[in-house]
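One structure is given here, and the rest of the page talks about it.
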Amino acid sequence: MTANPYSFRKVALGDLDLLMAWQSSPHVQKWWGAQEPYTAADLADPRVARWIVSYDARPFGFMQDYSVHGWENHHFAHLPKGARGIDQFIGDPDMIGVGHGPAFIRTRLQALFDAGAPVIATDPHPDNAQAIAAYKKLGFEPSGPAQETRWGLILPMLLRP
């Protein structure tokens, strides 16, 4: 059995320039709402775990998982205690469209379930067919119609172990 080629390390202050470069790329800007760089305060927020994703030690993406109960009136607040939400993007355009998205997401999903998450939620834009297809490939199912949230228009999707 071969080792998993995907690794996750916590985002550090030294990663902020890399994240900003990735966020400035047109393929990320199309779907990723945040245009401002992360700050030290963002990285210290206990509600969100932010990760640099690497493939064979090559950083290529960003992923975050968060407590859906960390914000008042969050659109996933109805989920049980311990539920996590996820967001991510592939920053390196050479790594898009070759299967890395579902593969690294699957790796992180397993870690969240192993840590006790009863359900994992995600909320792609309803027009982001590529992301929705990747989530469905992983077993996520839409959990209601598209809805407007303070983070923009989303399609709520859920995955249970």
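Could you work out what % of the accessible surface of the chain is carbon and sulfur, using a 1.4 angstrom probe and leaving DNA, RNA and ligands out of the count? Show your work: numbers first, answer last.
Details: 4640 of 8530 Å².
Percent of accessible area from carbon and sulfur atoms in the chain: 54.
What aspartates and glutamates sit close enough to Lys136 to cross-link, taking a C-alpha to C-alpha distance under 13 Å and skipping anything fewer than 8 places away on the same chain?
Asp123
Rounded to the nearest 500 deg cm²/dmol, what is the calculated helix-only ellipticity per residue at 222 nm for the chain, with -39500 (n - 2.57) per DSSP H run of length n ≥ 4?
-7000 deg cm²/dmol
Express in % the proportion of alpha carbon pairs of region 1-88 at distances exceeding 20 Å.
43 percent
Please work out whether region 44-111 counts as rounded, prolate or oblate from its C-alpha gyration tensor, where a ≥ b ≥ c are the square roots of the eigenvalues and a/c under 1.5 means rounded, while otherwise a/b larger than b/c means prolate and anything else oblate? Mind dumping the intermediate values first?
Details: a/c = 2.51, a/b = 2.16, b/c = 1.16.
Prolate shape, in that a/c is at least 1.5 and a/b is the bigger ratio.
Please identify the trypsin sites (Lys or Arg not before Pro) of region 62-156 that satisfy two criteria: DSSP loop assignment and at most 15 other Cβ atoms within 10 Å. Which are they? Before the final figure, lay out each step's value.
Numbers: sites: Lys81, Arg84, Arg106, Arg108, Lys136, Lys137, Arg150; in loops: Lys81, Arg150.
For trypsin sites (Lys or Arg not before Pro) across region 62-156 that sit outside H, G, I, E and B with at most 15 neighbouring Cβ atoms in 10 Å, the list reads Lys81, Arg150.
Hey, rough spin-label estimate for Glu36 and Leu13, points 7 angstrom out along Cα→Cβ, what's it come to in nanometres?
Going by the 7 Å Cα→Cβ label model, 1.9 nm.
Before I look further, what does the chain give for accessible area per residue, probe 1.4 Å, in whole square angstrom?
53 Å²
Suppose we keep just the DSSP beta bridges with both residues in the chain; what percent of those would be antiparallel, to 5?
Details: 28 of 31 bridges.
If we restrict to bridges inside the chain, about 90 percent are antiparallel.
Would you mind classifying the chain by shape? Square roots of the alpha carbon gyration tensor eigenvalues, ordered a ≥ b ≥ c; an a/c under 1.5 is rounded, otherwise it is prolate if a/b is larger than b/c and oblate if not. Please list the in-between numbers first.
Values: a/c = 1.28, a/b = 1.18, b/c = 1.08.
Verdict is rounded for the chain.
The values are calculated or read from the model by the stated rules, or taken from the named source; none is laboratory data. Remember, predicted model here, so these are calculated numbers, not experimental data. Every residue, glycine among them, receives a Cβ derived from its backbone with ideal geometry; neighbour counts consider all protein chains shown. Note: accessible area is taken over every heavy atom of the protein model, side chains too, but ligands, DNA and RNA are not part of it. Shrake-Rupley method; radii C 1.70, N 1.55, O 1.52, S 1.80 Å.
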